[in-house]
Amino acid sequence: MGWTHRLHGAVGAALGAGLLGLAALTWLPGALPLVEPLWVMPTGFVAALVLLVAALVRAALLRSDKRVLWEAFRCLPGRVRAGLAALALVGVAILVLDATGAGSSGRLRDAEVRDGRYYAFDPAPETRGTVEISRSAYEALLPGSRRPFLALPGVLLLGASGLVLAAGELHRADRARTAPRPAGGNSGRALSGG
């Protein structure tokens, strides 16, 4: 596998793990300063988009089907596969827990500011819709509102990392198969009587 595939995979895995770590930290009280900067989420989505498109292009250039890419992924070292799989499972668990409302402090979700006032979505059947909330309630809901926007690009980055590493492994195998064999080999030894 070439160094560009390894670098692409490492960057995707590192950024994905970082975003998943920030998403997990949103469950801790006082973690708001870590997820407060507004550039974190758009940067995560842009990085996920760029690295995922690049990984898809690299895989498409190999003209292989999903089964062959899966076999190439299975040829990666066990620690790499286990690490990517574990991180992806953590990301999916964060998204599922967030979607089901498990671990939330209440039923209000998706805090936002409009015209200097604070709002949240209330999914209760009797009051379903956007309701106005206090600033303290907004600050309590804000980390949970950012959680899926940190976890989703993290999972996409991990997927891009796995895809590009599998494509790199497949590219390496294709080069090894088409490379000419060195002259000599066993036939030279047999001729010399060795």
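Values quoted throughout were computed directly from the atomic coordinates according to the rules given, and no laboratory measurement underlies them. What you see is a predicted model, and the numbers here were worked out from it, not measured in a lab. All Cβ positions, glycine included, derive from the backbone under ideal geometry; neighbour counts span all protein chains shown.
Using alpha-carbon pairs under 8 Å, 6+ residues apart, how would you state the relative contact order of segment 43-155 in percent?
Relative contact order comes out at 26 percent.
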Of 162-171, 43-52, ordering from highest average Cβ density within 10 Å down gives 162-171, 43-52
Between the DSSP loop rule and a limit of at most 15 other Cβ atoms within 10 Å, which trypsin sites (Lys or Arg not before Pro) in segment 1-96 are left? 63
